[in-house]
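Report on the following structure.
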Amino acid sequence: MTATTDGSTGATLPTHAAAASDTVLSAPVVAGAHEAAARAARRAADFLLARQDAEGWWKGDLETNVTMDAEDLLLRQFLDIADEDTTRAAALFIRGEQREDGAWATFYGGPGDLSATVEAYVALRLAGDAPEAPHMARASAWVRARGGIAACRVFTRIWLALFGWWKWQDLPELPPELIYFPRWFPLNIYDFGCWARQTIVPLTVVSAKRPVRPAPFSLDELHIDPERPCPKTPFAPAATWDGVFQRLDKALHAFRRVAPRRLRRAAMNTAARWIVERQENDGCWGGIQPPAVYSVIALHLMGYDLKHPVMRAGLESLDRFAVWREDGARMIEACQSPVWDTCLAVIALADAGVGADHPQLVKAADWMLGEQIVRPGDWSVRRPGLPPGGWAFEFHNDNYPDIDDTAEVALALRRVRHHDPERVDRAIGRGVRWNLGMQSKNGAWGAFDADNTSPFPNRLPFCDFGEVIDPPSADVTAHVVEMLAVEGLSHDPRTRRGIAWLLAEQEPDGSWFGRWGVNYLYGTGSVVPALTAAGLPGSHPAIRRAAAWLESVQNADGGWGEDLRSYQDAREWSGKGASTASQTAWALMALLSAGEKDSQAVERGVRWLADTQREDGSWDEPYFTGTGFPWDFSINYHLYRQVFPLTALGRYVHGEPFADRPPQAGPRTEAKAG
């Protein structure tokens, strides 16, 4: 591939990327916002095209918080595989994330988090930082002022129990016999969301084994009273759910003392087989770091030595989550998002005017086609007769394709003029059929499973961190509805049920809650384009309420932003926060689909994107606008700041995608009517 230099940025770009800005993305030069948008879109497209991997995919860093880095060091300490270079690099990153008050937050600009601070502190102690050092003394004082280790979440105290810094008997019990609960029984493992299921199964083994490795130092400085580190918590009233599950946990502790050894041993062996069967080809579990870490520990406790192929592959997979920075720091990604990033990049470039047959878009389509999952996974427990056909989020995650990625990949593939259109039609047909089969009883869609709505898992004392179930959400449902509309299924009864659910879920102020992005801006930015794609006119009352809400929360600078605190206090924070490129784009995408292209709000938003763009065509976005668990686990997708602004600018300049095709057109693929 030859290269050229873009005169506006000085960047070296592939020749076909330069051609995109010179010809494909050319637009009439008019005064005002349109000209600024066209210029910004050209630069953004060049930036994005230049960053495609040679295999056809895109992937931005997935930044979370320092608990990933701390737990990686704790794992290495537990397995006795710590090395000086890795420890030094991880400690450098962790120190750089500390706040002035001594704490660590879980997202940029957020408040200090007790559990994250404890884990970061312990990791730095392992790296050799003295407790008397000023930054460590500030941290320990901050922890003690907020209740000490005893006030941490359960998962943090599990890590501490591995080294004797906390007593196993003072943790909630998680029996391995859980693996035997039938699917109809409350609290069976398939009542949990897939991310929780993959974590809980190995933790049942760890909980049963209760291992302790000798700690290299004490943590008395993190307790309010080192003599009484675990004060007793009084039970809630027996008539409350909290009281019921507290008493259930007490009963499970009693059961541990009398559980038949043969039964327990058999349960742990079954859990170990369950774990091994779900290891991916790259050695990871579910493509995410936390289940992989706990799976490695559980299998090690079950006798798998570090040279066993399963263990060796698992540890090697964890190394691939490391991002080494120029300053020598090492950041651990909780997950990697190549499928998600690639389909969003294709949508952005196509909507910005890059030709449907552009070589880089075709290469991306080839890569996505090769990533389709054609074997059953855990989702088939609830949908045993449904043929596979989804896409996952990660490089390797055949057990857990997700509905959101499948919808967006289909939308991306429809934008590419591929040399084998029949192959594309077959792939999309399989994906559409799978998504339709994963519809929940209420007409909406969750992320990974159908009807994963049990009220019990979140009640367990063990589950005090984040969501552990996967109920339908407005953003995922909207993406599926949009995909079905593009496939000519707007009037299919299943699509109409999804639309009805979305309309019923609209908030009184006109917005929608965003489960997988922050927050009401993401939900609204997802739902409005889906409803209009499915045929709702811009004059529909729900669309008008959404547009009015978006205009009401626009910032004075012309952008939009929303702080993660909206998950805790919607009244105070809904639609409010510092302007960001991705959130401004979500608002613009909704307003454009609602027919507001000529509005002052849209023009101000477009100008904000154009004015805040960097010289190289990118945007700066330190704020976290992605969501793992609402409030509890936040994500900064480093490619969001690029793909969504480009999508919004492209639609402003070139119009809505598929606008020339009536929504009632017939199905575009053959495998969707069943």
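The values are calculated or read from the model by the stated rules, or taken from the named source; none is laboratory data. Predicted, not measured: the structure shown is a model, and the values here were computed from it. FYI the Cβ positions are ideal-geometry reconstructions off the backbone, even for glycines, and counts take in every protein chain you see.
Observations, loosely collected:
- For the range 173-193, the criterion of being touching a Cys at 6+ places or on another chain (Cβ under 6 Å) and not assigned by TED's automatic domain parsing to the domain that holds Arg383 is met by no residue.
- Filtered residue count, the range 438-472, keeping only those that are crowded, with 23+ Cβ neighbours inside 10 Å, over 15 Å from the mean Cα position of the chain (by Cα) and acidic (Asp, Glu): 1
- Whichever residue in the range 581-633 is of a type in the set (A, V, I, L, M, F, W, C) and part of a loop (DSSP other than H, G, I, E, B) and, among such residues, is surrounded by the fewest Cβ atoms within 10 Å (Cβ to Cβ): Trp631
- One residue from Ala298, Ala365 being of a type in the set (A, V, I, L, M) and not assigned by TED's automatic domain parsing to the domain that holds Ala123: Ala365
- Residue match in the range 207-217 (condition: part of a loop (DSSP other than H, G, I, E, B), more than 17 Å from Thr156 (Cβ to Cβ) and of a type in the set (Val, Ile, Thr)): no
- Residues within the range 432-476 that are at pLDDT 95 or above and not in a loop (DSSP other than H, G, I, E, B), tallied: 11
- Test for Phe456: is it closer than 30 Å to Gln246 by Cα and among the aromatic types (Phe, Trp, Tyr): yes
- Test: residue in the range 99-118 that is in a helix (DSSP H, G or I) and either within 20 Å of the chain's Cα centre (by Cα) or farther than 27 Å from Pro216 by Cα (or both): yes
- Only one of the listed residues (Glu277, Glu221, Glu177) is over 30 Å from Asp398 (Cα atoms), charged (D, E, K, R) and modelled with pLDDT of 90 or more. That residue is Glu221.
- The set of residues from the range 348-360 being crowded, with 24+ Cβ neighbours inside 10 Å and either out of contact with any His (no Cβ under 9 Å at 6 or more places or on another chain) or not in a helix (DSSP H, G or I) (or both) comprises Ala348, Ala352, Val354.
- Matching residues in the range 361-389 - criterion: being assigned to a helix (DSSP H, G or I) and of a type in the set (Val, Ile, Thr): Val362, Val381
- Residue selected from the range 401-437 under the condition within 18 Å of Lys59 (Cβ to Cβ) and touching a Cys at 6+ places or on another chain (Cβ under 9 Å), by the criterion surrounded by the most Cβ atoms within 10 Å (Cβ to Cβ): Val409
- All positions within the range 36-56 that are among the hydrophobic types (A, V, I, L, M, F, W, C) and either touching a residue at least 60 places away in the same chain (Cβ under 8 Å) or in the same structural domain as Lys363 (by TED's automatic domain parsing) (or both): Ala36, Ala37, Ala38, Ala40, Ala41, Ala44, Ala45, Phe47, Leu48, Leu49
- Screening the candidates Ala123, Ala130, Ala141 for the property of being touching a residue at least 40 places away in the same chain (Cβ under 8 Å), aliphatic (A, V, I, L, M) and either part of a loop (DSSP other than H, G, I, E, B) or assigned by TED's automatic domain parsing to the domain that holds Phe78 (or both) yields one hit, Ala123.
- Within the range 481-575, helices (runs of 4 or more DSSP H) holding 2 or more residues that are of a type outside the set (Gly, Ala, Ser) and surrounded by 23 or more Cβ atoms within 10 Å (Cβ to Cβ): 493-505, 520-533, 541-552
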